[in-house]
Amino acid sequence: MKIIVVGKGGREHALVQALHDSPGEHELFAYPGSDGMSALATCVPEEGLDGLMRVLQDEGIDLCVIGEEVWLAQGLADRCREAGIPAWGPLREAAQLESSKIYAKEFMIRHGVPTGGFDVVSSVEEAREKISGYPTVLKYNGLAAGKGVAVCTGSDMAEDFLDTVFVQKKFGKDQVFIEEFLEGKEVSVICAVSGDQYVVFTPARDYKRLEEDDQGPNTGGMGAVASRALLPPEQMQQIDETVIQPTVSGLVADGQDYRGFLYFGIILTRSGPQVLEFNCRFGDPEAQAVLPIVGGDFAGFLHQAAQGKLDESLLGFYDGWSICLVKASRGYPASSSKGDVISGLEQVTEGRVYHAGTALNETGAYVTNGGRVLAVACKGATREEAVERVYAEGAKVDFDGAQMRSDIGRMHFE
Ligand code: GLY
C-alpha cells in the first residue's frame with residue numbers, strides 16, 4: 001500500500017513510524033515531512049493543496065493520513081473524497097469542531113456534551129465588560145497553532161492576551177471566547193471515529209507549561225504520559241457514556257460522515273468530565289506517547305476506517321505505560337534556536353526519538369531547527385519504570401541550550 005502522511009512535526013513522525021512498523025510492505029511518503037522522517041518515508045516538497053492533490057494522483061496513493069489540522073480546514077479530506085482517495089481526517093465542515101470554538105460549543109450544547117459556560121466577544125472593551133472575575137479562560141476562536149488559549153489568574157494576563165488578539169492580531173481577525181474556569185485534572189482521549197463507530201485509544205495527559213510544577217509560559221507541549229491505568233475503568237466508562245457517545249451520535253445526527261481521529265480535551269471536575277476542546281487529529285505530543293504502544297495492523301486499520309469500516313480487532317494496545325519527553329531549543333517558546341548540533345541520537349537504544357524541529361546540516365549532522373526540537377519516548381511496565389527509562393534515554397541526547405522538564409510522568413501522580 002502507498003500511504004502519505006501530511007505534516008512535518010513530531011506527531012507526524014510518530015504516525016510515519018507506526019505505519020512503518022505495521023505488518024506488510026508499505027511505501028511511505030510524507031508531505032512535506034522532515035529530515036528526521038526521511039529514513040522511513042519519501043519527503044515531498046510542499047506546494048500547497050493543489051500540489052498535494054497532484055502528488056496523491058501521480059503516485060497512486062492508497063491512503064492519505066492527515067496529521068496537521070490546517071489541511072483539514074483547507075478541505076483536504078473533501079478533495080480526497082471527490083477524487084476517490086481514502087483519507088484519514090474529517091471533511092472541512094466537521095473539522096470546524098477544531099477550527100471554530102463557537103462551532104464546537106454550539107455542537108456540544110446541541111448534543112448534550114458536558115462543557116463549561118462561555119461568552120463570545122469581538123473587542124478588548126467588550127471583553128473587559130464580560131470578564132466577571134478571575135481565574136478565567138480566554139480562547140481565540142480560530143486556529144492558533146496551540147497558542148490561542150490563556151488561563152488568566154489576573155487582569156494583567158487577560159490584557160496581554162487581548163492585546164495579542166485584538167491589537168496585534170497575531171492569530172487573525174477572529175473573536176475571543178471567555179470561558180468558565182473549571183478545576184480538575186486534564187486528560188486527552190483520542191478516538192478513531194468512522195461514521196457511527198469508534199475505537200478509544202490509550203488515554204494520555206500532556207504537560208503544556210514550560211517549567212516544572214506547571215509553571216512558566218504555555219508551550220505546544222513539553223511531554224506526555226499514556227496508559228490505560230491513567231483513569232479508573234469507571235471513570236473511563238463515564239467519559240465514554242457522557243462525552244464520546246453523545247459526540248459520535250451528534251456527528252451522525254448532524255449528517256457528518258466523520259472519518260479520522262477525534263481528540264477530546266477533557267477536564268475531570270467534581271461534577272464529572274467536561275469537554276475543554278475537540279481537535280480533529282491526534283494530539284501533539286500525545287501521539288509521541290500513545291502511538292508507540294499501539295500494536296497490530298495500524299496501517300490496515302486506518303485504510304479500512306478511512307473507507308467507513310472500523311475493525312478494532314486489527315489493533316492491539318500495550319498494557320503498560322509510555323512517556324515522551326520533549327527537548328526544546330534555547331529561547332522557546334518566545335523564540336527558538338537553529339543550527340545547534342544535536343549529539344547522542346544514535347545512543348538511544350531503549351526508546352524512540354521523534355523529530356520535530358530538527359534538520360540535517362551540510363555535514364550530515366542533525367541540528368536544531370525550531371522550538372520543540374524532538375521527543376524521546378519510552379515504555380515501562382509501570383509508570384516509575386517508564387519515567388526512569390525516558391530520563392535515562394533522554395539524557396543521552398543533548399544540544400546547546402536544550403530545555404526540558406524534569407517532572408514529566410511524575411507531576412499529577414502524587
Ligand atoms: N496536546 C494538545 C494538542 O495537540 O492540541
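The values are calculated or read from the model by the stated rules, or taken from the named source; none is laboratory data. Computed from a predicted structure; not experimentally measured. Here the Cβ is made from the backbone with ideal geometry for all residues, glycine too, and neighbour counts use every protein chain on show.
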Check your understanding: Hey, any hits in the stretch 67-89 for a residue that's farther than 30 Å from Ile178 by Cβ, within 16 Å of the ligand (Cβ to nearest atom) and of a type in the set (D, E, K, R)?
Key -> no
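Per-residue answers, yes or no, for (1) more than 17 Å from the chain's Cα centre (by Cα); (2) closer than 27 Å to Leu15 by Cβ; (3) acidic (Asp, Glu); (4) within 16 Å of the ligand (Cβ to nearest atom):
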position	(1), (2), (3), (4)
Asp213	yes, no, yes, no
Gly216	yes, no, no, no
Ala229	yes, yes, no, no
Gln237	yes, no, no, no
Asp240	yes, yes, yes, no
Val243	yes, yes, no, no
Val248	yes, yes, no, no
Review point. Which one of the conditions (1) at pLDDT 95 or above; (2) over 20 Å from the mean Cα position of the chain (by Cα) does Ala77 fail to meet, given that it meets all the rest?
Key: (2)
Review point. What is the number of the single condition among (1) out of contact with any Leu (no Cβ under 7 Å at 6 or more places or on another chain); (2) within 16 Å of the ligand (Cβ to nearest atom); (3) at pLDDT 95 or above that Met108 does not meet?
Key: (2)
Review point. Since Gly272 meets every condition but one in (1) of a type outside the set (A, V, I, L, M, F, W, C); (2) on the phi > 0 side of the Ramachandran plot; (3) buried (at least 23 other Cβ atoms within 10 Å of the Cβ), which condition does it not meet?
Key: (3)
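Name every residue in the stretch 65-119 that is charged (D, E, K, R) and within 21 Å of Asp284 (Cα to Cα), in order of residue number.
Correct list: Glu68, Glu69, Arg92, Glu98, Lys101.
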Practice item. Starting from residues that are among the basic types (Lys, Arg) and part of a loop (DSSP other than H, G, I, E, B), keep the ones in the stretch 113-171 and report whichever is farthest from the ligand (Cβ to nearest atom). Key: Lys169
Point to revise | Output for the stretch 199-210, where each listed residue is crowded, with 22+ Cβ neighbours inside 10 Å and under 19 Å from Glu312 (Cβ atoms) | key: Phe201, Thr202, Pro203, Ala204
**Study point:** Which numbered condition Ser313 misses (of (1) in contact with a strand residue (DSSP E or B) (Cβ under 9 Å, 6 or more places away or on another chain); (2) in contact (Cβ under 8 Å) with a residue 24 or more places away in the chain; (3) of a type outside the set (Lys, Arg))
**Key:** (2)
Check your understanding: Going by the structure shown, is Glu234 in contact with an Asp or Glu (Cβ under 8 Å, 6 or more places away or on another chain) and within 21 Å of Trp321 (Cβ to Cβ)?
Key -> no
Practice item. Determine if the stretch 225-248 includes at least one residue that is in contact (Cβ under 8 Å) with a residue 60 or more places away in the chain and acidic (Asp, Glu). Key: no
**Study point:** Hey, Arg389 modelled with pLDDT of 95 or more, within 18 Å of Asp213 (Cα to Cα) and surrounded by fewer than 23 Cβ atoms within 10 Å (Cβ to Cβ) or not
**Key:** no
Point to revise | Residue that is over 26 Å from the mean Cα position of the chain (by Cα) and β-branched (Val, Ile, Thr), where the choices are Val151, Val167, Val137, Val176 | key: Val167
Point to revise | Considering residues of the stretch 330-350 that are small (Gly, Ala, Ser) and over 12 Å from Val397 (Cα atoms) only, the residue surrounded by the most Cβ atoms within 10 Å (Cβ to Cβ) | key: Ser337
Review point. Among the residues of the stretch 305-358, how many are in a loop (DSSP other than H, G, I, E, B), within 22 Å of Ala145 (Cα to Cα) and out of contact with any Lys or Arg (no Cβ under 9 Å at 6 or more places or on another chain)?
Key: 4
Review point. Does Val252 satisfy the condition of being more than 16 Å from the ligand (Cβ to nearest atom) and surrounded by 21 or more Cβ atoms within 10 Å (Cβ to Cβ)?
Key: no
Check your understanding: Which one of Gly283, Gly308 is near the ligand (Cβ under 10 Å from one of its atoms) and closer than 19 Å to Tyr263 by Cα?
Key -> Gly283
